[in-house]
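Note sheet for the following structure.
The values are calculated or read from the model by the stated rules, or taken from the named source; none is laboratory data. Keep in mind that what you see is a predicted model, and the values were worked out from it rather than measured. Here the Cβ positions follow ideal geometry from the backbone for every residue, glycine too, while neighbour counts run over all protein chains shown. What goes into the accessible areas is simple: the full protein's heavy atoms, side chains included, and nothing from ligands, DNA or RNA. Shrake-Rupley method; radii C 1.70, N 1.55, O 1.52, S 1.80 Å.
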Amino acid sequence: MAFVALLSGGHLLIEDLPGLGKTTLAHAMASSLGLQFQRVQFTSDLLPADVLGISVYEAHSRSFQFHPGPVFCNLLLADEINRAPPRTQSALLEAMAEQQVTLDGVTHRLPDPFFVIATQNPVDMSGTFPLPDSQLDRFLLRLTLGYPNADAERALLAGEDRRDLIARVTPCLSEQDIRILREAVGQVHASDALIDYVQALITRSRQHPGVRVGLSPRAGIALLRAAKAHALLLGRQHVIPEDVQALFIAVAGHRLVAEAEASSGPTLARTLLHSVQVD
C-alpha cells in the first residue's frame, strides 16, 4: 500500500500507536529505493522555517542566500506530524500539492520524485493537534499498521535489530526507475464501466446518510490513480473493481466528514463501499 502511494505520485499518512513500526517502514522504503531521505521530528515548538528552509543575509555578498530545509529530499518522514501546531503543519501544503516551495517571493522546485510519509498518533492522545481537512486531503492514503500477529512478533523479538537490518539493505530501484514506473501507472487502462463505478462511489458519498462532507473530484482522481498503481503492481495493464475496492477505505476514510462524532471516516467508507454495486 505504501508503494501504491509512491507510484501514484501521492503521499502517505500512517496513524497508529507509538512503537508499531511507522518510522521503521519509512526508513526501510528509503533504503530499499535508494532515495535521499530526511526525517523531521514534529514538536510543538517546530517552526515552518525548520522544515522549508530560510533566507540568511550574508555580509560578503550583501544579499540573502536561501538555505534549503529538510523538505528538499526525495523521501521526507514527517514524524508525529500532529504534535506540531497548525501553522507548521500547513508549511507542507504547497510542497505536497505542487512539489515546490515559495519563500520570500521565490519559488524553489523540489526533487523528483518527492514523497512524504507522515506518521501521527491517535488524536485522542495528549499533546496532539488534529490535522485540518485541507492537510488530510493532501494524503493519498491513510493506513494503520496494527499489532503484529503472534508469529511476526516472535520473529521481531528473536531477530536482529531492525536498524541493523535496514543499514544492510541494498537499493533495488533508482530515482529514474520510480519516474518510469509512475509514467507506466498513467498508461494503465481504466474502462468506461470502471470509471462509472468510481463516479458512483463518489456520488453516493455525497448523498449517504451520516456523511456531512462527501468526496471531492480530487478524491476521485486520487482513487482512480491509486487503483491503476495497484493493478500495475499485480501485473495488469487494466483496472478492475477489486483494485478500487482494495484501496477505497484507505483513500476515502480520512476525507469523509461524519455528521455525528461517534461515526468514523473508515466506518463510513466501508458502509459506502458495500452500498454501491458493481454493474
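Just a few scattered comments:
- Residue in segment 136-145 that is in a helix (DSSP H, G or I) and surrounded by 15 or more Cβ atoms within 10 Å (Cβ to Cβ) present: yes
- Selection of segment 59-71 for residues being in a loop (DSSP other than H, G, I, E, B) and open to solvent by 70 Å² or more (accessible area, probe 1.4 Å) yields Ala59, His60, Arg62.
- Tally, over segment 224-263, of residues that are closer than 24 Å to Pro122 by Cα and under 19 Å from the mean Cα position of the chain (by Cα): 12
- Test: Glu175 is of a type in the set (Asp, Glu) and modelled with pLDDT under 95: yes
- Close contacts from segment 155-168, counting a first residue that is assigned to a helix (DSSP H, G or I) and a second that is surrounded by 10 or more Cβ atoms within 10 Å (Cβ to Cβ), with Cβ to Cβ under 6 Å and a gap of 6+ residues or different chains, come to Arg162/Thr24; Ile166/His27; Ile166/Ala28; Ile166/Ser31.
- Thr88 over 27 Å from Gln176 (Cα atoms) and either of a type in the set (Val, Ile, Thr) or in a strand (DSSP E or B) (or both): yes
- Within segment 25-58, the residues that satisfy the criterion of being assigned to a helix (DSSP H, G or I) and crowded, with 16+ Cβ neighbours inside 10 Å are Leu25, Ala26, His27, Ala28, Met29, Ala30, Ser31, Leu33, Pro48, Asp50, Val51, Leu52.
- Members of segment 227-269 found to be within 15 Å of Leu215 (Cα to Cα), at pLDDT 90 or above and out of contact with any Lys or Arg (no Cβ under 9 Å at 6 or more places or on another chain), listed by number: Val244, Leu247, Ala252
- Taking the criterion of being in contact (Cβ under 8 Å) with a residue 40 or more places away in the chain and open to solvent by 20 Å² or more (accessible area, probe 1.4 Å), the residues of segment 240-257 that qualify are Ile240, Pro241, Arg255, Val257.
Okay, residues lined up against (1) within 14 Å of Ile195 (Cα to Cα); (2) in a helix (DSSP H, G or I):
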site: Ile221; (1), (2): yes, yes
site: Ala226; (1), (2): yes, yes
site: Arg236; (1), (2): no, no
site: Ala246; (1), (2): no, yes
site: Ala250; (1), (2): no, yes
site: Arg255; (1), (2): no, no
site: Leu268; (1), (2): no, yes
site: Val278; (1), (2): yes, no
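- A search for C-beta distances below 7 Å between a residue of segment 201-216 that is open to solvent by 60 Å² or more (accessible area, probe 1.4 Å) and any residue that is in a helix (DSSP H, G or I), counting only pairs 6+ apart in sequence or on different chains, returns Arg204/Leu272; Arg204/Ser275.
- Some residue of segment 72-82 being under 21 Å from Ala222 (Cα atoms), outside any strand (DSSP E or B), open to solvent by less than 10 Å² (accessible area, probe 1.4 Å) and in contact with a strand residue (DSSP E or B) (Cβ under 7 Å, 6 or more places away or on another chain): yes
- The one condition from (1) farther than 17 Å from Ala30 by Cα; (2) touching a residue at least 12 places away in the same chain (Cβ under 8 Å) that Cys172 does not meet is (1).
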